[in-house]
Amino acid sequence: MTVKDALRDIDLPPLWLAAFAALVWITGTVVPLALPYTHPVGYALVLAGVVLTLVAAGQMVLMRTTVIPRREPCRLVTSGVFAFSRNPIYLADAMILAGLILVWDAALAAPLVPAFMALITRRYIRGEEVAIATLFGPEYQAYRARVRRWL
């Protein structure tokens, strides 16, 4: 295995979420900006994101398809939380990041949420969409026509 292969194997969305969360924490520590009543909302967003991740991953496992990005899926999951978002786990990651911004009083880090979403779209989603379209053809195209990428 080459170094490039090893780096590709660890290049996973949770690592990017952790990096962005670290930037949020640093922002909240260095330049805190507390807004009223944000902590309960932040905790609710983090909890909702964790629950959404678990539900979506559970659905994928029950369908016997991969949860790991860049691996070939065995099945197209279109029901449950996938009926509302084609990428519920990535959506959950964005929710968690937004919640951390509120919990850590890092309102100035708010632009990191759309930046994270753009990075995930470029780095993972677009490639996944091409692979899924190739594997599942018309079934995926119909799904894509009725369900949005994020929400």
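Evaluate the following for VAL3: is it at pLDDT below 95, out of contact with any Ser or Thr (no Cβ under 9 Å at 6 or more places or on another chain) and either under 26 Å from SER85 (Cα atoms) or loosely packed, with under 14 Cβ neighbours inside 10 Å (or both)?
Values: at pLDDT below 95: yes; out of contact with any Ser or Thr (no Cβ under 9 Å at 6 or more places or on another chain): yes; either under 26 Å from SER85 (Cα atoms) or loosely packed, with under 14 Cβ neighbours inside 10 Å (or both): yes.
Against the criterion (at pLDDT below 95, out of contact with any Ser or Thr (no Cβ under 9 Å at 6 or more places or on another chain) and either under 26 Å from SER85 (Cα atoms) or loosely packed, with under 14 Cβ neighbours inside 10 Å (or both)), VAL3 qualifies.
On the basis of being in a helix (DSSP H, G or I) and closer than 20 Å to GLU128 by Cα, does ARG8 make the cut? Reasoning before the result, please.
Numbers: in a helix (DSSP H, G or I): yes; closer than 20 Å to GLU128 by Cα: yes.
Yes.
When you scan the range 25-42, do you find a residue that is at pLDDT 95 or above and under 29 Å from ALA133 (Cβ atoms), even just one?
no
Going through the range 20-54 one residue at a time, which ones are without any contact (Cβ under 8 Å) to a residue 60 or more places away in the chain, among the small types (Gly, Ala, Ser) and surrounded by 13 or more Cβ atoms within 10 Å (Cβ to Cβ)?
Across the range 20-54, the qualifying residues are ALA44, ALA48, GLY49.
Note down all Cβ pairs under 8 Å where the first residue falls in the range 67-86 and is closer than 14 Å to ILE125 by Cβ, the second is among the hydroxyl-bearing types (Ser, Thr, Tyr), and they're at least six residues apart or on different chains.
These pairs meet every condition: PRO69/TYR124; ARG70/TYR124; PRO73/THR65; PRO73/THR66; ARG86/TYR143.
The values are calculated or read from the model by the stated rules, or taken from the named source; none is laboratory data. Remember, predicted model here, so these are calculated numbers, not experimental data. Because the Cβ atoms are built from the backbone with ideal geometry, glycine has one as well, and the counts that use them run over all protein chains shown.
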